[in-house]
1. Rank these by accessible area, largest first, 1.4 Å probe: TRP139, TRP101, TRP408.
2. What does the extension gain come out to for LEU150 and ALA134, with contour length at 0.36 nm per residue minus their alpha carbon separation?
3. Once you put a point 7 Å from the Cα of GLU230 and another 7 Å from the Cα of ALA200, both along the Cβ direction, what distance in nm separates them?
4. R0 = 60 Å: FRET efficiency of ASP299 with ASP193, Cβ-based, nearest 0.05?
5. Please work out how much length the chain gains when fully extended from VAL441 to GLN103, using 0.36 nm per residue of separation minus the C-alpha to C-alpha distance, in nm with one decimal.
6. Report the GluC sites (Glu not before Pro) located in segment 393-429 that are in a DSSP loop and have at most 13 other Cβ atoms inside 10 Å of their Cβ, or state none.
7. Ranking request for peptides 619-625, 585-591: highest mean number of other beta-carbon atoms within 10 Å first, then the rest in descending order.
8. Going by average Cβ neighbours within 10 Å, how do the peptides 597-610, 346-359 rank, with the highest at the top?
Amino acid sequence: MDSGERSVFVFSSSAKCVSENEEEPGMQLVLEKVILSSPSRNEQLGGGGRLGQLRRPPRRRPRQCRGFNPNPPWVLPLGETSADRSGAMRPRGGFGPGPVWAQRVRQLEHRARTQEERIIVLETENAALHLKLAAYQGWAGRGVNEILQLYSSHGQQQKFQRSSVVIYLHEAMKSLKQDVKSLRSFALELSKDFQRQYKACLYQVLTAVQGIQLQNEAMQMFQMKAFDLEQSLQEVTERYEREKQKRRALHNSLVELRGNIRVHCRIRPSLPFDHAAGHTISQDRHRNSLENVAYAIDDETVLVKCSRPGHAPINKTFQFERVYSATESQDTVFADVAPLLTSLLDGYNVCIMAYGQTGSGKTYTMLGPQLEENLAFVSEDESELGIIPRATQELFRLISEKPPGSYWVEVSVVEVYNNEVFDLLAKDSCGKASGIRRDVVTTREGKSDVPLLTYETVANASEFLHLVIKGLQLRVRHPTLVHAHSSRSHLVVTLTITTIVSGDNFGTSWEDEQINQRLNKEVSCTYPQKRDSKSTSSSRASSPTQLEAAEKPKQVKTRLQLVDLAGSECVGMSGVTGAALRETSCINRSLSALADVLGAIAEQRSHVPYRNSKLTHLLQDSVGGDAKLLVMLCISPSQKYLTESMQSLGFGTRARQVQRGQIKKRNLPLLSKTK
Ligand code: ADP
Ligand code: MG
């Protein structure tokens, strides 16, 4: 056993004494730990430490403890030996033990003293240990107290914390309960309010429903009434339309019977170039001049209303077969023209001519803006096409419904410029289109003719337009103050439609006789498909062989003349000089010649002055003959052009009054595809 283990043993027993005395069992463990971690007992006792100084403490009685013998057998009182006690070692009277015994006693005494010293040392150690123990005990006690205090303070803290959480939760619960309570009361109020409002709304809805029901009933009644009125209005409108159509048909028949010239009037919209001030008029006059004075008040009446300072007020109406307002389209205008094309294939000659002052819309109405501006046919926007391209399209559409090969169409394009006739399809020796001058002659039958005039056969509308565009490129145009692209010539496009008829079906009337004679002169004996696509009127002169051949199938010709007249113009306003002035005077003279011709026919004079102008001479057959003639009067609406507009309206009115006798029809067979 080493010294450490011994120490444990010794101090454990000592500690046991202490712990038993103080009844603190936990202390034993504490002390054991303290001593185990301290230096060995031998070191403590043997060293010169604090305990070494305690080696001779004042002698005191050791503390008694249970199980502790204060007089162990090996402790003798001073002056008393162990032999005294046993009696066996005590010397008997006078007879001493001698020196051995004395020796022995001395030894024993010495031993006893040694023992005693030893005891003292041990007691001293013991006391020191006790002191130390007491110190440790005190320290341990304080520690335990501190621990206990810590325990208790920790517990208190926890308890405090717990209680504060509980208080907090309690408070929160209290406020939540309060909230729930107020919410509940709020919800209650809300539901009461909702019920109140619901009842009010329900009442309102019921009232509204009742109102609606009443209104519905009233509405149904009104609807029924409106329906009845609509129906009667529709009936009246339909009747009106029927009556109008009947009236128009009757009027047309009357016009045809009388041989009247149909006159339609188109009022164009105000255009930007109307606002350009002429250099001869003042600002005030210019402002007034922009006012519109010509209106279409219905589809048959034009009203001219104007009051100018220094002039008598004008308030005049003009009646025509048809009046187009500024908003009416090219479609609408053509719709009224289209029936004339049916007449054309039915055997009537037809002439449509646009008459009016420069810039009033003649070329726009006859050709359309594309052909006029760019001299090109733009197929994308066909809505702007004028009468000439549309009439050709319609004509070829109608022909396509007839038996193939029974009709063919030839075109001539002529310009009357400075009282001369130019063939716009003629080519010079180099084959270049050059607008060769031609003459107008009167045939023995009293018809007008242009010898050597170029005719081109066309198979469809686009071929026709191609030719017209070619011709237009040669047409003389000159800018004037009124119109930048003013045409300085009258354009006459003629489509000659030749129809093959069998001899049996050919008519026998005087008219037919005339036609027969003419055909014998003009018709070539060849079939259309064999014809040269280009011919001139002189090349049509018949030969004996041709006449023989012509006996079998005969041909009837009808003619569609489309005329874009040059505009009448006031020289002062157009501001033309020099060559253009001559053009203007030629134009004006030819137009007055036209008016004179109409006047002579209207008055049924024996002499009609067709030859006063190349224009009237060229148009003789259409104006004075047997053609259905439509004059499209073109009017500018502004006051600026009042004089010219009044002149045009007067011309139209006179033209309407012309009675040429019944229009003659060529005796054509009824051709149909099924034939
Ligand atoms: P004119 O041949 O009578 O001298 P134009 O036909 O050349 O006159 O017309 C003059 C201008 O007015 C052109 O720019 C043309 O496009 C325009 N114009 C004429 N009539 C109408 C119309 N009804 N709607 C729109 N523009 C028109
Ligand atoms: Mg023109």
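The values are calculated or read from the model by the stated rules, or taken from the named source; none is laboratory data. Predicted, not measured: the structure shown is a model, and the values here were computed from it. Cβ: placed from backbone, ideal geometry, glycine included. Neighbour counts: every protein chain shown. Surface areas here come from the heavy atoms of the whole protein model, side chains and all, with no ligands, DNA or RNA. Shrake-Rupley method; radii C 1.70, N 1.55, O 1.52, S 1.80 Å.
1. If we order TRP139, TRP101, TRP408 from most to least accessible, we get TRP139, TRP101, TRP408.
2. Working it through step by step, the gained length comes to 3.4 nm.
3. 4.1
4. Efficiency for this residue pair is about 0.30.
5. Result: 101.0 nm gained on full extension.
6. GLU401
7. 619-625, 585-591
8. 346-359, 597-610
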